1. What is the sum of charges, Lys and Arg at +1 and Asp and Glu at -1, for the other residues whose Cβ falls under 13 Å from the Cβ of residue 106?
2. Through the Karplus equation 6.51 cos²θ - 1.76 cosθ + 1.60, θ set to phi - 60°, convert the phi angles of region 58-68 into ³J(HN,Hα) values in whole Hz; use x for Gly and Pro.
3. Could the peptides 53-61, 32-40 be put in order, highest first, of the mean number of other beta-carbon atoms found within 10 Å of their residues?
4. Using unit Cβ charges (K, R positive; D, E negative) and no other charged atoms, how large, in debye to the nearest 20, is the dipole of region 1-120 about its Cα centre?
5. Rank by packing, highest mean first: peptides 103-112, 153-162, with packing defined as the count of other Cβ atoms within 10 Å averaged across residues.
6. Need one number: % antiparallel among DSSP beta bridges in region 1-89, to the nearest 5.
7. What number comes out for the charge environment of residue 71, summing +1 per Lys or Arg and -1 per Asp or Glu over other residues with Cβ under 14 Å away?
8. Would you tally the net charge around residue 22, using a Cβ to Cβ cut-off of less than 13 Å, leaving residue 22 out, and scoring K and R as +1, D and E as -1?
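Bear in mind that the values in this text are calculations on the coordinates, not laboratory data. On a predicted model such as this, the values are computed, not experimentally measured, just so you know. Here the Cβ positions follow ideal geometry from the backbone for every residue, glycine too, while neighbour counts run over all protein chains shown.
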Amino acid sequence: MRQLFGDPNENGVYLVGVVEFSDDASEDQLSYVGNTQMGTLESVAGRLGYERRDIKIAEPYREPGRGVLPDGTELAVTSTTVPGSASWHRSSREPTPEERLRWAGHPVPPPPPPEPAPVGPNMETARPRIEEHQGEVFYTKTGKPFTYRTNHYTLVIVESRRNVQWHEIRSALEAWPIAGPSEIPRLLTAVQADMLDTGRQIRNGMAHGQATHAVMPPAMAIPMVQTS
């Protein structure tokens, strides 16, 4: 039994199920919770090789629902409410590992700490990398070469003589993640959008083991784009 249901409680009763029902259920609807508990006990008896009628229900409609098998083993089904569900809602499920531990009187380990929120690209990390690679040759998605240089206020696309303000790049980074260039803020020019989309495609390739080259080095592509 322990392999199936864990340890029993101090009275030797095994927890075999939990019935969930709405916290908005009426008193009349609560009787159906008891029916579901009894049905769960009979179902468990069947899983253990008994006829459903072989289990003796002890004190029907009492919490927790309890039943006794022909060999004297006692089983129980508890109930719990589910906030926000329809008033008629009720369903039976297996107890969680934590519920089994509480039932047996064992300490429950604390939950693991939440995963840290992913840190997206930001200006503090992107700008130094952008500045580091100025003067190198990159290619747009359509294969057009370009270079850029930076100063205190702007990033300048040399071939087109287009100026990109640093605050424009900051606004673009704050908009990530996006599905593609069509969602880039309108303040970015078509050339800038093409640059970002090229970087995104290269980064996607890198994620699948493809080699990269001077089209756009990782130091520039990674902080500026999001894998889609």
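1. -1
2. For region 58-68, the Karplus curve yields 9, 6, x, 6, 9, 9, x, x, 10, x, 10 Hz.
3. Order by mean packing, descending: 32-40, 53-61.
4. Dipole about the Cα centre, nearest 20: 300 debye.
5. 153-162, 103-112
6. Numbers: 7 of 16 bridges.
Around 45 percent of the beta bridges assigned by DSSP in region 1-89 are antiparallel ones.
7. My count for the surroundings of residue 71 gives -2.
8. On the way: positive: 90; negative: 20, 23, 24, 27, 28.
Taking every other residue near residue 22 into account, the sum is -4.
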